[in-house]
Amino acid sequence: MKKINLLSLIGSIVMCGVCALSFNGTASANDIDSIISNENNVSIRRSSYKETRDSSYEAIVSIFAYDGNPSSSSSSFLNFNGHAFITIENLNANSIKAGKMTAYAYETVSLSTWGNKSQHNGLWYNLESYFANKGEYDGRVSLSRYTTSSELETLNSYINSHDSWSAFTNCSSFATGAWNTISSTKLSAGWINTPSNLKGSIKKNSYSINRAIGYNSNVGYYTGDTFNYVNMNSKGILDSEMVNPNSL
């Protein structure tokens, strides 16, 4: 039988994200209250956030993984399909920072790295928001947690220093690293980082399926401190690879 160079095979087909190898874990006593473990327990209406949240929280941070399969399916070590990303939902009437972007009152910003968009190889803002509200990522699994202002500063420092993408430090790498920076519920995207491995790690906890993602039309990326807006409805974009919702 013909021998296959596994590393060569993996290197040629992996196209998706992390920051460092992380470890599976369970929530600590200090983390339990700030993790939103079940979508049924928390209304996604911004008004209810104002009425029920602890005033010390600035945002809800969520991590999502989608591998192209139903949420109930098992994860495969060699499944390189799909995408992983985070969202930051502003819980305040005042603006906050989500990476370099300003998130206005009760606004959601999605973030992840991409390697198949010709305009920019690295961190994009609100591509996932656009795609999710077009019906993509059906079956996505997620964890969410309330986040304080100091935790948000820590998260933003991570985000702003990870504007890059490669086959082995891809979207799942970015999302896992971002989450693990602020949460004691540690996740892993696997020895080889993939959305599928991250999905399996998320599902070891009390997770949500198809958590709603607030729509944000401000799609684009930063060059230094300058935001480059991309009109997703222009003909040039609709005829390009930008319409591919996966980070491959």
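With θ taken as phi - 60° and the Karplus curve 6.51 cos²θ - 1.76 cosθ + 1.60 applied, the whole-hertz 3J(HN,Hα) list for the stretch 196-203 is 5, 5, 5, 4, x, 5, 4, 6 Hz, x standing for glycine and proline. In this structure, I209 and Y229 have a Cβ-Cβ separation that, at R0 = 25 Å, corresponds to a calculated FRET efficiency of about 0.20.
In terms of the mean number of neighbouring beta-carbon atoms within 10 Å, the peptides 224-233, 164-173 order highest first as 164-173, 224-233.
Work through the residues other than K203 whose Cβ is under 12 Å from its Cβ and net out their charges, Lys, Arg +1 and Asp, Glu -1. Charge balance near K203 sits at +2. Here the 3J(HN,Hα) profile of the stretch 214-229, calculated from phi with Karplus coefficients 6.51, -1.76 and 1.60 at θ = phi - 60°, is x, 6, 9, 7, 7, 8, x, 8, 9, 10, x, 9, 9, 8, 9, 6 Hz, Gly and Pro shown as x.
Dipole size of the stretch 150-248 about its Cα centre, with +1 on Lys/Arg Cβ and -1 on Asp/Glu Cβ: approximately 520 debye, rounded to the nearest 20. For the stretch 108-113, putting each phi into the Karplus relation 6.51 cos²θ - 1.76 cosθ + 1.60 with θ = phi - 60° gives couplings of 10, 10, 9, 9, 5, 9 Hz, in residue order, rounded to whole numbers and with x for Gly and Pro. Within the stretch 114-130, what residues put their amide N at less than 11 Å from the label point 7 Å along the Cα-to-Cβ vector of E241? In the stretch 114-130, the label zone of E241 (backbone N under 11 Å from the point 7 Å along Cα→Cβ) covers 115-121.
Taking amide hydrogens as placed 1.01 Å from N in the peptide plane, the amide H of T148 sits under 5 Å from those of E58, each at least 5 positions away in sequence or on another chain.
Computed from the coordinates by the stated procedures, all read-outs in this text should not be read as laboratory data. These numbers come from a predicted model, not from an experiment. Counting neighbours? That spans all protein chains shown, and the Cβs are built from the backbone with ideal geometry, glycine included.
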